[in-house]
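The values are calculated or read from the model by the stated rules, or taken from the named source; none is laboratory data. Nothing here was measured: the structure is a model prediction, and the numbers come from that model. Backbone-built Cβ (ideal geometry, glycine too); neighbour counts: all protein chains shown.
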Amino acid sequence: MNNLDINTTEFCVIDFETTGTSSNGDRAIELGMVKVKNNKITDTYQSFFDPERPIPYFITNLTGITDNDVEKAPTFKDEIDNIISFIGDAILVAHNMRFDYSFLKSEFEFAREELIENKTLCTLILARKLYPELKSKSLGSLVEHFRIRHRDVHRALGDASATAKILLKMIPKCREEHSIESINDLLTFQSPTRDSNIKVIKKSLENDVKEVSSNPGVYIFKNREEEIVYIGKAKSLKTRLRNYFMLNAAGKAKKIVRKSSRLEKIETNSELTALVLEAELVKKFNPPMNSQLKKFSQNYFIRLNNEHDYPIPKVTSKFDFDGTDYFGPYSQGEVARSIVDIIQRTFLLRECTEKEFRKNKKCYLADIERCLAPCIDSVNDDYKSELQKAYDFLAGKNQHAVDRLLAKMKECSESKKYEEAAFIRDTVNLILNQLNKSSILAEPVNKANVLIKIRSGHSIDFVLMLEGKVYIKDYPVDDNYNFDTAVYDYFSGTIKNGDSLTEKDLERMKIALSWMVKNRTNIDLHYLKEYSSETKLWEIVSTQ
């Protein structure tokens with residue numbers, strides 16, 4: 001089992017709520033479990049337990065669990081067969097495994113059952129290794145860092161679900177930044193090592209390793225014939241490469257080092273540039289050890305098919321240059337769906353499927369004045385006007401939508417349509433709650449003309465998105481994508497909209513958007529339409 005790929009390995013995330021903090025005398029009152037496999041949550045379990053003693057007030061105050069909740073609940077012993085069956089052969093995971101495992105062990109002892117022997121993984125220990133820059137590695141801090149929705153805090157299933165979502169964030173990072181591919185590598189990685197110093201396995205690599213800086217960049221391992229063995233990227237070259245020479249390095253990392261005699265580095269001004277460069281070099285040279293295809297973090301978009309006479313907003317996790325408009329990206333599908341819900345409540349756009357639309361029959365939405373009913377009348381101009389308002393809303397201009405809804409709510413109240421007024425009030429609250437969850441870009445992604453200033457440690461990087469193309473300033477290898485020329489072309493009016501978009505453009509755009517979602521606090525956006533000249537643009541950008 002230990003050689004299984006970490007994506008196909010089954011994990012069971014557990015969380016206990018207890019009568020106190022010591023497993024020597026306290027008892028479990030609730031258990032939540034979440035199964036994870038193939039990069040998704042597959043099943044959940046939750047149960048209260050009768051601890052056979054009163055629940056202390058401070059525990060009830062913290063968790064909300066009362067004596068009444070557990071009065072008729074089974075004991076842990078009563079439920080133990082179901083618990084064992086649910087866990088199966090999965091790797092046990094918890095945030096602070098020492099605490100949860102101590103209660104699992106003590107409850108098995110109370111039940112006079114032999115303790116299961118599943119391997120264990122602690123996300124707290126992993127967080128200390130993967131995110132040393134975070135001041136706190138508590139569950140709450142990680143939830144905030146990853147912007148994870150955490151329902152039912154200090155409840156077993158709520159906390160287990162949050163931990164499972166954190167694990168799903170950690171697995172790609174383990175694979176991409178530490179070459180961890182098997183469960184054995186992952187379990188070894190979490191274990192403390194006896195020696196934290198670099199151990200150069202080959203003399204031929206020693207000088208190359210000594211010269212590594214802490215800047216972001218791309219590293220290239222080569223064999224004695226100068227053939228490329230492996231290409232990787234790093235936020236910090238020094239930190240990343242150090243992991244290849246640790247005693248507990250992943251099996252793949254050790255194999256790469258064994259095959260290599262040279263190490264080359266290309267420094268970049270930001271991690272984003274390193275990501276783009278890595279992807280393009282891997283595609284160009286196809287090194288034998290770069291067997292894993294790059295997977296981008298799943299983001300969500302709101303798609304509007306502007307080739308349709310009466311388009312409607314739809315949530316999608318796909319992005320392509322297909323002639324339609326995409327707003328986003330959004331890190332969570334739930335956020336994107338909430339925004340579409342707001343649009344449907346606020347603007348008079350149709351909501352029907354194409355099949356329903358072609359029936360040319362009026363629906364109830366037209367009767368309650370929530371749709372212009374283009375299915376029965378030609379309303380091109382009015383629909384375009386509503387669509388433009390929806391575009392403005394997606395671009396972050398919320399005031400018009402709020403003003404419209406407040407006026408309608410007042411009208412409903414005066415007409416004593418209180419249920420409808422309450423519905424509109426809820427929509428206004430939805431808008432206000434979404435203000436801090438807006439998309440990264442205020443223009444359709446496929447049409448954005450924006451200069452992105454990236455703050456990367458002591459360095460500054462500049463990326464330009466121009467009608468679907470991505471240009472990087474001072475790109476470290478020969479590149480036909482000339483950043484300075486592209487900026488000049490925009491302000492001189494010589495750029496051709498959507499000219500010759502390629503797979504390379506799409507790849508760059510996906511990499512840039514995926515990175516920006518995770519690093520939105522480190523970027524400044526300058527929309528080119530807001531500047532009268534290139535000189536004015538750089539004048540403002542340089543002062544920020």
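The table that follows gives values for the structure above.
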{"read-out": "Looking only at the range 183-209, and only at residues there that are closer than 28 Å to residue 119 by Cβ and among the small types (Gly, Ala, Ser), the one that is modelled with the lowest pLDDT", "value": "196"}
{"read-out": "Any hit, the range 252-263, residues being at pLDDT below 85 and in contact with a His (Cβ under 6 Å, 6 or more places away or on another chain)", "value": "no"}
{"read-out": "Residue among 542, 456, 500 that alone is out of contact with any Leu (no Cβ under 9 Å at 6 or more places or on another chain), at pLDDT below 85 and under 20 Å from residue 270 (Cα atoms)", "value": "542"}
{"read-out": "Near pairs, Cβ below 9 angstrom, 6+ apart or cross-chain, from the range 353-364 (surrounded by 12 or more Cβ atoms within 10 Å (Cβ to Cβ)) to any residue that is part of a helix (DSSP H, G or I)", "value": "363/356"}
{"read-out": "Test for residue 446: is it polar (S, T, N, Q), at pLDDT 85 or above and either within 24 Å of residue 173 (Cα to Cα) or in contact with a Gly (Cβ under 9 Å, 6 or more places away or on another chain) (or both)", "value": "yes"}
{"read-out": "Positions within the range 238-286 being small (Gly, Ala, Ser) and under 21 Å from residue 454 (Cα atoms), in sequence order", "value": "270, 274, 279"}
{"read-out": "Residues of the range 349-373 satisfying the condition of being assigned to a loop (DSSP other than H, G, I, E, B) and within 14 Å of residue 312 (Cα to Cα)", "value": "349, 350, 351, 352, 353, 370, 371, 372, 373"}
{"read-out": "All strands (runs of 3 or more DSSP E) inside the range 446-544 with 3 or more residues being closer than 25 Å to residue 146 by Cβ, within 22 Å of the chain's Cα centre (by Cα) and not acidic (Asp, Glu)", "value": "449-456"}
{"read-out": "Top-ranked residue of the range 163-185 - restricted to ones that are among the basic types (Lys, Arg) and under 15 Å from the mean Cα position of the chain (by Cα), ranked as surrounded by the fewest Cβ atoms within 10 Å (Cβ to Cβ)", "value": "173"}
{"read-out": "Subset tally (residues that are closer than 17 Å to residue 340 by Cα and hydrophobic (A, V, I, L, M, F, W, C)) for the range 373-399", "value": "5"}
{"read-out": "Residues (outside any helix (DSSP H, G or I) and either of a type in the set (Ser, Thr, Tyr) or in contact with a Cys (Cβ under 8 Å, 6 or more places away or on another chain) (or both)) located in the range 154-192", "value": "179, 180, 182, 191"}
{"read-out": "Odd one out for residue 64 among (1) touching a His at 6+ places or on another chain (Cβ under 8 Å); (2) of a type outside the set (A, V, I, L, M); (3) surrounded by 15 or more Cβ atoms within 10 Å (Cβ to Cβ)", "value": "(3)"}
